[in-house]
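Coordinate-derived values only; no laboratory data. Here the structure is a predicted model, which is why all the values come from computation and not from measurement. Every residue, glycine among them, receives a Cβ derived from its backbone with ideal geometry; neighbour counts consider all protein chains shown.
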Amino acid sequence: MSERSIKEPEIFFDNQTGQLTSPVITVSKKLLSGLENVFKNEAVRASMDQEQVVYEVECYFPVEEGKKGGLFWGVSRIYPGKVAGEYFMTRGHFHSESDTAEFYWGIAGKGVLVCMDTNGQSWAEYLKPNSLHYIAGNVAHRVANIGNESLIFGACWLSDAGHDYASIEQNGFSVRLVDLNGKPTLIEAW
Ligand code: PA5
Ligand code: NI
């Protein structure tokens, strides 16, 4: 009888903290300087510390971007903060392969997932530890941190999905999430 070795895993994901440990992680940071025209009050954003990190994403890309049939894994961390009452949030995007879906799930902190379809119809749901969100194809998605701590959430998407930021850059979402008297409130943006 010949013995075969059992490999140790190379990649770890901590469900409590969102910490991804792998020899092959890509980290990207979004500073306030890189979020021009994302928030309603651009003048206030421009007057704030441009070096402030609003969010960062750690990704594990087991295959090259664009390859059909593969999966990508990412953990996003949005820091607490506001721009003139509007919560720190991700830019938001449709996927380039527009009909591809994605899973998000909450790990730590308090957030809201804002979605919008291609007709500009928007809706939102709370994102919190252990919440699971299926984001269908042709739905733009953005997350805001409504708490006082970091909001951490996981994501899994297709390696050929791609990110289409252009239409959100041009038209934005049809709703915005603002702090009104201490309460996260969804308001019409257009
Ligand atoms: O794939 C996703 O949807 C996420 O990993 C996002 O890319 C991440 O949350 C950052 O948001 P955005 O890409 O909109 O800047
Ligand atoms: Ni996405």
Practice task
Could you check the simple spin-label distance between residue 101 and residue 65, using points 7 Å along Cα→Cβ, in nm with one decimal?
Solution key: 2.5 nm
Completion exercise
Ordered by number, the GluC sites (Glu not before Pro) in region 62-113 that occupy a DSSP loop and have at most 16 other Cβ atoms within 10 Å are 64, 65, 97
Exercise for the section: Please find, in a Gaussian network model of the chain (springs between Cα atoms separated by less than 10 Å), the residue of 35, 180, 127 whose mean-square fluctuation is greatest. Expected result: 180
Exercise for the section: Would you mind calculating the gained length between residue 8 and residue 25 on full extension (0.36 nm times residue separation, minus the Cα-Cα distance), in nm to one decimal? Expected result: 4.3 nm
Fill in the blank from the handout: FRET efficiency for residue 57 and residue 183 from the Cβ-Cβ distance with R0 = 41 Å, rounded to 0.05, comes out at 0.90
Practice task
Per DSSP H run of n ≥ 4, the term is -39500 (n - 2.57); total these for the chain, divide by its residue number, and report the mean residue ellipticity at 222 nm rounded to 500 deg cm²/dmol.
Solution key: -1500 deg cm²/dmol
Exercise for the section: Tell me which residues come under 5 Å, amide H to amide H, from residue 96 once H is placed; ignore anything under 5 positions away on its chain. Expected result: 162, 163, 164
Fill in the blank from the handout: Going through 7/67; 40/183; 40/128 one by one, the pairs whose alpha carbons sit over 20 Å apart turn out to be 7/67; 40/128
Handout entry: Sites residue 171 and residue 43, calculated FRET efficiency, Cβ-Cβ separation with R0 30 Å, nearest 0.05
Key = 0.90
